[in-house]
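Participant: Below is the structure I would like to discuss, written out as structure tokens.
Quick note: the coordinates plus some simple rules give every number you see, no bench work behind them. Here the structure is a predicted model, which means the values were calculated and not measured. A quick note on method: Cβ atoms are made from the backbone with ideal geometry, for glycine too, and the neighbour counts reach across all protein chains shown.
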Amino acid sequence: MPAFRYVVRGRVQGVGYRYFVLRQADVIGVSGFARNLPDGGVEVVAEGCDEALARLETALREGPAFAEVASVERDAVAERGSGGFHIR
């Protein structure tokens, strides 16, 4: 199953971005995690089918109402094989 690491930049901390991602991941059906980065960005690692990951990436670019997403970088990563989505 494909897996990607996304780094989201902009105003994405302190605006409920990780919880937004958690809700989206649960609805879409991907596993992985989201966590804040020291530089103010958010890292999202997600694993799922191609269609689900495409839907998640679209949601990451939109973000919740109070976020301002400036960019989303995506890199392929090794499959994690874990279930569920978590906030770290």
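Participant: Over the C-alpha atoms of region 40-83, what are the Rg and the largest Cα-to-Cα span, Dmax, in Å?
Facilitator: Cα-based Rg and Dmax for region 40-83 come out at 11.6, 32 Å.
Participant: Measure off 7 Å from each Cα along the Cα-to-Cβ vector at E73 and H86, then give the distance between these two points in nanometres to one decimal.
Facilitator: Distance between the two pseudo-spin positions: 2.5 nm.
Participant: What is the sum of charges around F4, taking Lys and Arg as +1, Asp and Glu as -1, for the other residues whose C-beta is under 14 Å from the C-beta of F4? Show your work: numbers first, answer last.
Facilitator: Values: positive: R5, R55, R61, R74, R80; negative: E43, E47, D50, E51, E57, E73, D75, E79.
Taking every Cβ under 14 Å from that of F4, the sum is -3.
Participant: L37's amide H: which non-local residues (gap 5+, or another chain) put their own amide H closer than 5 Å, with H modeled 1.01 Å from N in plane and none for Pro or chain starts?
Facilitator: V42, E43
Participant: Full extension from E62 to E43: what is 0.36 nm times the residue separation minus their Cα-Cα distance, to one decimal in nm? Please list the in-between numbers first.
Facilitator: On the way: separation 19, 0.36 × 19 = 6.84 nm, distance 1.52 nm.
Separation in residues times 0.36 nm, less the Cα-Cα distance, equals 5.3 nm.
Participant: For the chain, calculate the relative contact order in percent as a whole number, restricting contacts to Cα pairs under 8 Å that are 6 or more residues apart.
Facilitator: 48 percent.
Participant: To continue, here is another question. Express in % the proportion of alpha carbon pairs of the chain at distances exceeding 17 Å.
Facilitator: Counting every Cα pair in the chain, those more than 17 Å apart make up 38 percent.
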